[in-house]
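Colleague: Submitted below is the structure of interest, expressed as structure tokens.
The values are calculated or read from the model by the stated rules, or taken from the named source; none is laboratory data. Everything numeric here is computed off the predicted structure, so don't read it as measured data. Cβ sites come from the backbone with ideal geometry, for glycine too, and all protein chains shown count toward neighbours. Quick note on the areas: whole protein, heavy atoms, side chains included, nothing else; ligands and nucleic acids left out. Shrake-Rupley method; radii C 1.70, N 1.55, O 1.52, S 1.80 Å.
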Amino acid sequence: MKLAGLFQIGGLLLLSSAAHADHVILPDDPRIQYSGRVDFSNPQKPRFDWSGVSLQVLVKGPAVGFLLQDAQNRFDVWVDGKPLTVLSATLPQSLYRIDALGGGEHRIQLIKRTEASLGLTTFLGLDLPEGVELLEPAALPARKIEVIGDSWVCGYGNEAATVHCDDQAPYENANRSFAMVAARELKAEAHLVCYSGRGVVRNYGDLKRHSDEPFPLLLDRLLCAEPQSRWDYGQWQPDAVVIHLGTNDFSTLPHPDPQDFKDSSVALLTHLRSVYPQASLFWFSATGWPDYYQSVERAVRARNDAGDARVYCVGYPPVPQDQMGCDFHPNVKVHQKLATLLTRAIRQKLGW
């Protein structure tokens with residue numbers, strides 16, 4: 001099918017910027033539902049780059065289009081709670097239409113699969129074909145979880161069938177990472193703040209024991225790509241925060257100084273407590289690494305000894321190499337297992 005610059009791939013229609021849009025709904029319409037860290041400084045051009053950011057709408061009719069300015073990010077498209085297709089953004093395309101949905105009402109989610117290193121996405125609104133109506137969506141889940149950390153949180157290479165990938169981006173799916181899977185199992189809204197290769201004090205492959213820009217320096221950013229941007233912690237308070245950090249610190253030599261790692265981990269937990277006074281904090285880490293899990297335990301115990309009882313260490317077993325995706329990262333089956341372990345721990349502590 002090809003109409004006026006319109007190309008069909010499965011249930012996804014891609015419209016070039018030169019093609020005609022129908023009725024445009026601006027991004028600040030209250031019927032458009034956002035989840036994740038989104039910069040609304042220009043309400044007509046909201047921007048985002050963190051993994052897992054999502055847009056959700058409820059329409060009555062067979063199609064809806066998303067107007068995006070983006071060069072290379074990828075998005076899961078879910079319709080009525082089930083995955084439909086993958087949207088691969090590219091310039092100069094601006095309109096991406098989900099079509100052939102059939103009559104009646106449909107809940108459509110656009111969920112960012114790829115991480116901040118692939119650049120910013122600007123959302124320019126919705127395109128409603130003639131006769132399609134935008135409805136008021138159901139409220140987002142009352143439960144809230146934030147998951148911060150490294151490539152595992154981002155779902156790096158998790159859809160690959162091999163550890164050898166020329167380009168891992170097509171196989172990266174934050175929406176199938178343990179973080180998002182656990183949130184769905186717990187019926188919670190999830191925010192992800194993650195970046196591949198970053199550690200608590202030492203990034204992957206760094207020749208120094210303390211890197212110049214480890215993960216904690218990214219944590220407060222509204223947009224990862226803009227260091228001056230600042231997230232307003234007051235606008236979204238999670239019930240639980242999950243930390244997955246430390247694999248990059250200890251996966252290559254030289255390992256960080258043990259005291260430096262402990263002090264920096266305690267500082268991270270202390271900062272999280274200051275911005276999330278009511279949240280339970282869960283440090284999720286592998287138990288089989290010689291120094292890693294014990295170092296995390298020491299940091300968690302230090303916070304407990306300081307009077308913060310709602311900080312927990314949750315371990316998981318090492319991942320076999322035959323269950324790995326790109327560059328020896330866990331595949332989606334492993335992420336499902338990790339999500340089950342994490343879900344169990346959160347339910348036990350929070351009574352969910």
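Colleague: Checking the a/c ratio against 1.5 first, then a/b against b/c, what shape does the Cα gyration tensor give for the range 164-225?
Modeller: Cα axes put the range 164-225 in the oblate bin.
Colleague: I would also like to ask the following. Send over the semi-axes of the range 69-221's equivalent ellipsoid, whole angstrom and largest first, taken as the square roots of 5 times the C-alpha gyration tensor eigenvalues.
Modeller: On the way: eigenvalues 198, 68, 45 Å².
So the three semi-axes of the range 69-221 are 31, 18, 15 Å.
Colleague: Continuing with the same structure: How much net charge surrounds residue 202 when only the other residues with a Cβ under 10 Å from the Cβ of residue 202 are counted, with Lys and Arg +1 and Asp and Glu -1? Could you put the intermediate results ahead of the total?
Modeller: Values: positive: 198, 208, 209; negative: 206, 249, 257, 260.
Summing Lys/Arg as +1 and Asp/Glu as -1 gives -1.
Colleague: For a test of the definition: using alpha carbon positions, the gyration tensor, and the 1.5 limit on a/c, classify the range 74-130 as rounded, prolate or oblate.
Modeller: Values: a/c = 2.41, a/b = 1.49, b/c = 1.61.
Because a/c hits 1.5 or more and a/b fails to exceed b/c, the range 74-130 counts as oblate.
Colleague: Take the solvent-accessible surface of the protein heavy atoms, probe 1.4 Å, and return the percent of it on the range 299-352 that carbon and sulfur atoms account for. It would help to have the intermediate numbers written out before the result.
Modeller: Details: 1410 of 2870 Å².
Exposed carbon and sulfur together represent 49 percent of the surface.
Colleague: Let me ask something else about it. Treat every Asp and Glu Cβ in the chain as -1 and every Lys and Arg Cβ as +1, leave all other atoms uncharged, and give the resulting dipole magnitude about the Cα centre to the nearest 20 debye. Don't jump to the answer; show the numbers that get you there.
Modeller: On the way: 34 positive and 40 negative charges, 175 e Å.
In total the dipole reaches around 840 debye.
Colleague: Straight-line reach from residue 208: which aspartates and glutamates have Cα under 12 Å away, leaving out those fewer than 8 places along the same chain?
Modeller: Qualifying aspartates and glutamates at Cα under 12 Å: 249, 257.
Colleague: Below 8 Å, C-alpha to C-alpha, sequence gap of six or more: please give me the relative contact order for the chain in percent.
Modeller: Values: 824 pairs, mean separation 57.9, N = 352.
Computed over the chain, the figure is 16 percent.
Colleague: Let me ask another. If you roll a 1.4 Å probe over the heavy atoms of the protein chains, what accessible area per residue do you get for the range 22-79, in Å²? Present the calculation step by step, with values, prior to reporting the outcome.
Modeller: Details: 2010 Å² over 58 residues.
Counting only protein heavy atoms, the per-residue value for the range 22-79 is 35 Å².
Colleague: For the chain, what is the calculated [θ] at 222 nm in deg cm²/dmol (nearest 500), taking -39500 (n - 2.57) for each run of four or more DSSP H residues and dividing by its residue count?
Modeller: Values: 6 runs with 67 residues, N = 352.
Taken over the chain, the calculation gives -6000 deg cm²/dmol.
Colleague: Let me ask something additional. Return the carbon/sulfur percentage of the accessible area of the range 152-249, one whole number, probe 1.4 Å, all protein chains in place.
Modeller: On the way: 1800 of 3690 Å².
Carbon-and-sulfur percentage of accessible area, whole number: 49.
Colleague: On to the next question. What does a probe at residue 139 reach in the range 20-42, counting residues whose amide N is under 19 Å from the point 7 Å along Cα→Cβ?
Modeller: Zone members listed by number: 30-36.
Colleague: Applying the Karplus parametrisation 6.51 cos²θ - 1.76 cosθ + 1.60 with θ = phi - 60° to the phi angles of the range 232-245, what ³J(HN,Hα) value in whole Hz is obtained for each residue in order, glycine and proline being reported as x?
Modeller: Going residue by residue, I get 8, 5, x, 7, 8, 10, x, 7, 9, 10, 10, 10, 10, 9 Hz, with x marking Gly and Pro.
Colleague: Another question about this same structure. Using the alpha-carbon centroid of each, what span in Å lies between the range 167-228 and the range 68-130?
Modeller: One Cα centre to the other: 22 Å.
Colleague: Relative to the present Cα-Cα distance, how much length would full extension add between residue 323 and residue 31 at 0.36 nm per residue of separation? If you can, show how the numbers build up before the last one.
Modeller: On the way: separation 292, 0.36 × 292 = 105.12 nm, distance 4.10 nm.
Contour length minus Cα-Cα distance gives 101.0 nm.
Colleague: Could I ask something else about it? With the other protein chains left in place, how much accessible area per residue, in square angstrom, belongs to the range 124-263 at a 1.4 angstrom probe?
Modeller: Working: 5600 Å² over 140 residues.
Using a 1.4 Å probe on heavy atoms only, each residue of the range 124-263 averages 40 Å².
Colleague: What shape does the range 195-352 take by its C-alpha gyration tensor, where a ≥ b ≥ c are the square roots of the eigenvalues and a/c under 1.5 counts as rounded, a/b above b/c as prolate, and the rest as oblate?
Modeller: Values: a/c = 1.31, a/b = 1.09, b/c = 1.21.
Note, shape of the range 195-352 comes out rounded.
Colleague: Moving on to the next point. Roughly speaking, what is the centre-to-centre gap between the range 39-53 and the range 289-352 when only Cα atoms are used, to the nearest Å?
Modeller: 30 Å
Colleague: Moving on. Tell me which aspartates and glutamates have Cα within less than 12 Å of residue 333's Cα, excluding those fewer than 8 residues away on the same chain?
Modeller: Leaving aside aspartates and glutamates fewer than 8 places away in the same chain, those within reach of residue 333 are 159, 322.
Colleague: Could I ask something else about it? What number does the chain give for Rg over Rh if you use C-alpha atoms and the Kirkwood radius?
Modeller: Details: Rg = 20.6 Å, Rh = 20.9 Å.
That ratio is 0.98, to two decimals.
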